[in-house]
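Student: One structure, as structure tokens, below. Some questions next.
The values are calculated or read from the model by the stated rules, or taken from the named source; none is laboratory data. All values derive from a computational prediction rather than experimental measurement. Every residue, glycine as well, gets a Cβ built from its backbone with ideal geometry; the counts of neighbours run over all protein chains shown. Heavy atoms of the whole protein, side chains included, go into the accessibility calculation; ligands, DNA and RNA do not. Shrake-Rupley method; radii C 1.70, N 1.55, O 1.52, S 1.80 Å.
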Amino acid sequence: MNKEFIYTEITNGLASQIRNGVLKPGDKLPSVRKLCLEHQISMNTAKRVFLELESQSLIQSKPQSGYFVSQLLSVKLPLPEVSRPSLIANNNEPDELISKVYENMGKDDLTLFSIAIPSGDLLPQAKLKKEIITATRELKDGGAGYEELQGNLKLRRVIAQRSLAWGGNFNENDLVTTNGGMNALSFCLMALGKPGDTIAIESPCYPGILQLATGFGLKVLELPTHPAHGIEIEALKKAIPKIDICLLIPNFNTPLGSCMSDENKKEVVKLLSENNIPLIEDDVYGDIYFGSHRPKCCKSFDKEGNVVYCSSVSKTLAPGYRVGWIAPGKYKDKILKLKLLHSTSSISIVNEAVANFLKTGRYEKHLQELRRTLQSNYQNYVQTIVEYFPEGTKTSRPQGGLSLWVEFDKKIQTRKLYDLAIKQNISIAPGRMFSLQDQFENCMRLCIGLPWSEETQKKLIEVGRLAKMIERES
């Protein structure tokens, strides 16, 4: 029998038993070894089955104990509403609120639920330090000189090799390195837009993108976005006559954690290409998937060079290293000219160190562990929210990434919740930060990239208590 058929049959069979209540929350599943013996399958196939069930939040793993039916199945938190922004370009930036939240970055005494990066405790810091030392020894002049304009050749080669996993099929000449993901997006917006142009984005959207767009004088048109499936394609079609650029995070965007289907990605690429509208794709979260395989990107379906692909290791490996890259397609000359003008060279030692780490199996092993941790964190967050947050709270169901979107009753204003929480040394990200319009005042983003501990749970419980207090007083 075909291996793929067997895998699908076993996965669907267990999923059906869980959904139908034959296997109940808390029940232990067979071990990987036992599943292999029962179905005469390989260890890799058995592991794929469990990974797929985990991605559907049907099961969860417990270290040294095995796999169990998820306790989350005993509760049914509804999804947040599909966003309904005005389809008129708006530039009402919540600058003061964004500054207030992000000025807390790097403060050790705060529990930073607000900043969507993995905690240093989840990163291979000791191994990266060794790579920095090795890079200093190996590079000409100890890394003190400039790199070539396109960037570190070794890094570009390993990124190109890794792109095969999602259909990127790059070679080293297709890539340009940058000083982090935001630097990549900045080059793209400068190359493809001009003041007065209109850019279409998801709503809610990462605040840094909002600030970049308005800072470059662009008008921002926010698209209705489903918390699980991403932008509404019909809304994009209607917006086509109004827009000059589109910028999307199709894989596990922040703050929703949604993931567009391959069909929708393909349709978006075709639609924008036919209308000669460039698509900037931010894939910074693409490697942090909770399922059995990495999702494809919009770039996977790009035949015209119209998709400008951006990514970095800031969300997976080292936020402070500022290592990013662009696959600029037909806009390569413009991007290179801007890099020469604005930065000339990326940081030689850091790029060499990251390239060496990515070449080894250590990076993939780290990613596997990080994915498991983040998915477990998501489940722990939701279980705590169910028990301690106000009745009627809604949460997103991220399929990857670092963010959990929480929607309260309209009476609970998360600006006020932020002010109360910060007094308890807890920082959250109020929903209004993620839009240029007056929406999401009753929402917030929580970062799931903190190590889960009794202290983390206590802080999350405190956020719930404060939210209930606001609700009572309103």
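Student: Please quote Rg/Rh for the range 382-452 to two decimal places, taking the Kirkwood radius as Rh and restricting both calculations to Cα atoms.
Tutor: For the range 382-452, the value is 0.94.
Student: For the range 63-116 and the range 154-225, write down the distance between their C-alpha centroids in whole Å.
Tutor: Between the Cα centre of the range 63-116 and that of the range 154-225, the gap is 21 Å.
Student: Here is a further query. Looking at F357, P78, A228, which one has the Cα that reaches farthest to the positive end of the dipole of the chain (charges on Cβ: Lys, Arg +1; Asp, Glu -1)?
Tutor: Going by the charge dipole, the pick is F357.
Student: Name the residue from S31, G291, F408 whose Cα lies farthest towards the positive end of the charge dipole of the chain, charges +1 on Cβ of Lys and Arg and -1 on Cβ of Asp and Glu.
Tutor: Selected residue: S31.
Student: Can I ask one more? Quick one: grab the alpha carbon gyration tensor of the range 198-254, order the square roots of its eigenvalues as a ≥ b ≥ c, and give me rounded if a/c is under 1.5, else prolate or oblate depending on whether a/b is larger than b/c.
Tutor: It is oblate, given that a/c is not under 1.5 and a/b is not larger than b/c.
Student: Using 0.36 nm per residue of separation minus the Cα-Cα distance, give me the extension gain between H229 and K423 in nm, one decimal.
Tutor: Full extension from H229 to K423 adds 66.2 nm.
Student: Would you list, by chain and number, the aspartates and glutamates whose Cα falls below 13 Å from the Cα of K140, excluding same-chain residues fewer than 8 positions away?
Tutor: In chain and number order, the partners are E148, E352.
Student: Also: Based on the alpha-carbon gyration tensor of the range 339-416 and its eigenvalue square roots a ≥ b ≥ c, which shape applies: rounded if a/c is under 1.5, prolate if not and a/b is larger than b/c, or oblate?
Tutor: Because a/c hits 1.5 or more and a/b fails to exceed b/c, the range 339-416 counts as oblate.
Student: Along the charge dipole of the chain, pointing to its positive end and built from +1/-1 on Cβ of Lys, Arg, Asp and Glu, which listed residue (L149, S65, N253) has its Cα farthest out?
Tutor: S65
Student: Rounded to the nearest 0.05, what FRET efficiency do N104 and K365 have when you use their Cβ-Cβ distance and R0 = 25 Å?
Tutor: According to the calculation, E is roughly 0.20.
Student: Let me ask another. At 222 nm, what value in deg cm²/dmol follows for the chain if DSSP H runs of at least 4 each add -39500 (n - 2.57) and the sum is divided by all its residues, to the nearest 500?
Tutor: Counting only the DSSP helices, I get -12500 deg cm²/dmol.
Student: Note down the Stokes-Einstein diffusion coefficient of the chain in µm²/s, whole number, using a Kirkwood radius over alpha carbon pairs, 10 °C, and 1.306 mPa s.
Tutor: 68 µm²/s
Student: Follow-up. Apply the a/c threshold of 1.5 to the C-alpha gyration tensor of the range 213-287 and tell me whether it is rounded, prolate or oblate.
Tutor: Cα axes put the range 213-287 in the oblate bin.
Student: For the pair K194 and E304, what calculated FRET efficiency results from E = 1/(1 + (r/R0)^6), where r is the Cβ-Cβ distance and R0 = 25 Å, to the nearest 0.05?
Tutor: It comes out at approximately 0.70.
Student: Before anything else, pin down the relative contact order of the chain: Cα pairs under 8 Å, at least 6 apart, normalised by residue count, whole percent.
Tutor: 22 percent
Student: Taking a quarter of the surface of the Cα convex hull of the range 250-404, what do you get in nm²?
Tutor: 11.6 nm²
Student: What size of dipole, in debye to the nearest 20, comes out for the chain about its Cα centre when the only charges are +1 on Lys and Arg C-beta atoms and -1 on Asp and Glu C-beta atoms?
Tutor: 840 debye
Student: Something else now. Quick one: accessible surface of S186, probe radius 1.4 Å, all protein chains present, in square angstrom to the nearest 10.
Tutor: 20 Å²
Student: Could you give the distance between the Cα centres of the range 314-352 and the range 424-463, to the whole Å?
Tutor: Here the answer is 31 Å between Cα centres.
Student: If you only keep lysine pairs separated by 8 or more in sequence, or across chains, how many in the range 1-120 come under 16 Å at the Cα atoms?
Tutor: 6
Student: Taking only the alpha carbons of the range 80-142, what extent do you get along each of the three principal axes, in Å, biggest first?
Tutor: 55, 32, 25
Student: Provide the percentage of antiparallel DSSP beta bridges, counting only those with both residues in the chain; round to the nearest 5.
Tutor: Bridges in the chain that DSSP calls antiparallel: roughly 60 percent.
Student: Hey, another quick one. I'd like the accessible area for V82, computed on protein heavy atoms only with a 1.4 Å probe and all protein chains in place. Round to 10 Å², please.
Tutor: Number for this one is 40 Å².
Student: I'd like the FRET efficiency for Q40 and T136, computed as 1/(1 + (r/R0)^6) with the beta carbon distance as r and R0 of 56 Å, rounded to 0.05.
Tutor: The pair Q40/T136 has a calculated efficiency of 0.60.
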